[in-house]
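S.K.: After the structure tokens below, expect a handful of questions from me.
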Amino acid sequence: MTEPISAGELAAETAKRRTFAIISHPDAGKTTLTEKLLLYSGQIGVAGMVRARKGGRATSSDWMKLEQERGISVSASAMQFPYKGTIINVLDTPGHQDFSEDTYRTLTAADSAVMVLDGGKGVEEQTRKLFAVCRMQRTPILTFINKMDLHGKDPLELLQEVEEVLGIQASPINWPIGYGSGFKGVITIASRQVMLFRKSELGGAAKADFTTISVDEARRSGALTDEEAAALRDELELLTAAGNPFSRDAFLRGEITPVFFGSALTNFGVEPFFDSFTELAPPPHAYPADASNGDTVDIDPCAQPFSAYVFKIQANMNPKHRDSMAYMRVCSGRFERDMVVKHHRSGKEIRLSRSYSLVAKDRNTVDEAFPGDVIGVINPGVFAIGDTVSLQGGFNYKPMPQFPPEIVAQIRPTDVLKHKQFEKGITQLAHEGAVQILRSYRNPKDPPLVAAVGKLQFEVLQFRLKEEYGVSSAIDFLPYRHSVYVLGDVKSLTLPMGTFMALDARDRNVLLLSAEWEKKYVREKNPDHQFPDFVR
Ligand code: G4P
């Protein structure tokens, strides 16, 4: 047993936590920025010494790419380390081939998000999807516009794009000085202090030094030409007159995003961004839950004893170790290993003895954890996505949002004699949250469809059906790539040709569509219906 701690100590540990996820489109620089966070926090001495072979991307986690490149052990699901007086928990949001429901679900465990945009590309598709989840939860979002060392879009245009495409106010905290190869650093808009960066001899592999001076000093020292200084002043005047002033409250409500410019590769602007992040990003917040009397209650991280919910279950693909790992976000109180907790859904008591911190291959036993932390618990088939565990019981965290599937398939056992095992496997795996099962609205008795957000989930499904239920299966993918939930009487809908109305496991209507434009079409043609992107 660990020593008991006081309420003050619990509050101090909680206040230090910054639990966040990075949302970005592949190649915007998420891995590079994460690696720089490790560099600036002192976790690694030199960044990017071993480059991955081109095209040799890892498939199960973006961080495995980092792990392979760097030869260091980073987490499969969350990394924790100290940074200038705070404790950072970075949650992995896989973005490449392995983009899936898990990527979305992980966002529910974050107190804030960092949106990384490629300065040359602006807001891309995956960023938009992940942003929508943050928006739904009102997660505060900080924006880092990356790759300013390359010639990209005009910064003002980028701000406009963020506002127009994402519908959030953008408030620049700093502004780039020079673009492309002439990118010298950033100016903090409020203080008008210029940060001029110098590349280290190791390039972006080591921290970049910077000096902080006024625009006049920069001009006098020759760091900025008269023209550059004048142009900078004009831009700042424009921003001050026409830009959105930053409001911390609006940021915490998810209505405004502070925007930072920089280059994760060269480290220019990276350290000021991390410093602002730790200042602005909120510590763990209260989570809403359903109390046993039906009321909604907010579970305060410090006022309640230990509680957590399962946001992700990772099956073990190693046949020697069948058990899977349930990842829990600690929402309140202190977790101590060997705690006996109440599992709300089953009503059972469970001892959390096999609990781990999430440093990939070497599972490190975790003895204690605090609100905002993520622990992995070996799952002997007890936990499902969204489950609540708590020391005292009596409440259940609000259900996870259900995300609209993007890939739909018919799946069948290759051996018809194994139909029973097949049904059992599919039902259990759907229950666990690995895939969704949909039925036809018109012909509910037709063979069910299997749906998910990412293709990798189907690979995992087939693998697990074989390994755990002894059933080989065949999959036929259907041409639906988009879906929306439908609230209202579906019989009166005006729909484009070729759509498919399905029912999910809780009899909600899911409209399957083959093209993105059809979403807009159905919304426009059916103003009396609602088409939410997520349901709970
Ligand atoms: P991701 O995790 O978001 O997918 O992106 P990642 O960090 O892997 O970066 C994608 C590519 O963009 C990498 O190049 C990386 O070096 C480059 N990159 C990241 N940040 C910056 C930046 O600030 N400036 C510039 N110029 N490039 C940046 P790559 O060629 O795909 O791989 P590598 O050979 O460099 O590893």
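The values are calculated or read from the model by the stated rules, or taken from the named source; none is laboratory data. This one's a predicted model, so the numbers in the text were calculated from it and none came from an experiment. Neighbour counts are summed over all protein chains in view; Cβ atoms, including those assigned to glycine, are modelled from backbone coordinates with ideal geometry.
S.K.: Could you identify the single residue in 238, 224 that is crowded, with 17+ Cβ neighbours inside 10 Å and either in a helix (DSSP H, G or I) or over 26 Å from the mean Cα position of the chain (by Cα) (or both)?
M.R.: 224
S.K.: Among the residues of segment 195-210, count how many are in a strand (DSSP E or B) and in contact with a Ser or Thr (Cβ under 9 Å, 6 or more places away or on another chain).
M.R.: Residues flagged as in a strand (DSSP E or B) and in contact with a Ser or Thr (Cβ under 9 Å, 6 or more places away or on another chain) within segment 195-210 amount to 6.
S.K.: Same structure, new question: Out of the residues in segment 19-41 that are among the charged types (D, E, K, R) and out of contact with any strand residue (DSSP E or B) (no Cβ under 8 Å at 6 or more places or on another chain), state the one that is surrounded by the fewest Cβ atoms within 10 Å (Cβ to Cβ).
M.R.: Here the answer is 35.
S.K.: If I ask for residues that are assigned to a loop (DSSP other than H, G, I, E, B), within 16 Å of the ligand (Cβ to nearest atom) and surrounded by fewer than 22 Cβ atoms within 10 Å (Cβ to Cβ), which ones from segment 113-142 would you list?
M.R.: Hits for segment 113-142 are 120, 121, 123, 124.
S.K.: Here's a follow-up. How do the pairs read when you match residues in segment 294-312 that are without any contact (Cβ under 8 Å) to a residue 24 or more places away in the chain with residues anywhere that are hydrophobic (A, V, I, L, M, F, W, C), using Cβ under 7 Å and keeping only pairs 6 or more apart or on different chains?
M.R.: 298/286
S.K.: Just wondering, is there one or more residues in segment 23-40 that are assigned to a strand (DSSP E or B), more than 15 Å from the ligand (Cβ to nearest atom) and at pLDDT 90 or above?
M.R.: no
S.K.: Report yes if residue 418 is touching a Gly at 6+ places or on another chain (Cβ under 9 Å), free of Cβ contacts under 8 Å to residues at least 60 places away in the same chain and of a type in the set (Lys, Arg), otherwise no.
M.R.: So residue 418 fits the description; yes.
S.K.: Here is a follow-up. Evaluate the following for residue 110: is it more than 16 Å from the ligand (Cβ to nearest atom) and outside any helix (DSSP H, G or I)?
M.R.: Yes; evaluated as a whole, the condition is true for this residue.
S.K.: Since residue 392 meets every condition but one in (1) of a type in the set (S, T, N, Q); (2) assigned by TED's automatic domain parsing to the domain that holds residue 491; (3) over 18 Å from residue 105 (Cβ atoms), which condition does it not meet?
M.R.: (2)
S.K.: Could you list, in sequence order, all residues of segment 143-160 that are away from the ligand (no atom under 16 Å from the Cβ) and crowded, with 17+ Cβ neighbours inside 10 Å?
M.R.: Correct list: 159 only.
S.K.: While we're on this one: Test residue 131 against the stated conditions and say whether it is aromatic (Phe, Trp, Tyr) and either within 30 Å of residue 371 (Cα to Cα) or under 19 Å from the mean Cα position of the chain (by Cα) (or both).
M.R.: Yes: the conditions hold for residue 131.
S.K.: Tell me, yes or no, whether segment 55-78 has at least one residue that is more than 28 Å from residue 154 (Cβ to Cβ), in contact with a strand residue (DSSP E or B) (Cβ under 7 Å, 6 or more places away or on another chain), modelled with pLDDT under 95 and outside any loop (DSSP other than H, G, I, E, B).
M.R.: Within segment 55-78 (the criterion being more than 28 Å from residue 154 (Cβ to Cβ), in contact with a strand residue (DSSP E or B) (Cβ under 7 Å, 6 or more places away or on another chain), modelled with pLDDT under 95 and outside any loop (DSSP other than H, G, I, E, B)), the answer is yes, since at least one residue qualifies.
S.K.: Scan segment 1-9 and tell me whether some residue there is in a helix (DSSP H, G or I), more than 16 Å from residue 273 (Cβ to Cβ) and either in contact (Cβ under 8 Å) with a residue 40 or more places away in the chain or within 16 Å of the ligand (Cβ to nearest atom) (or both).
M.R.: yes
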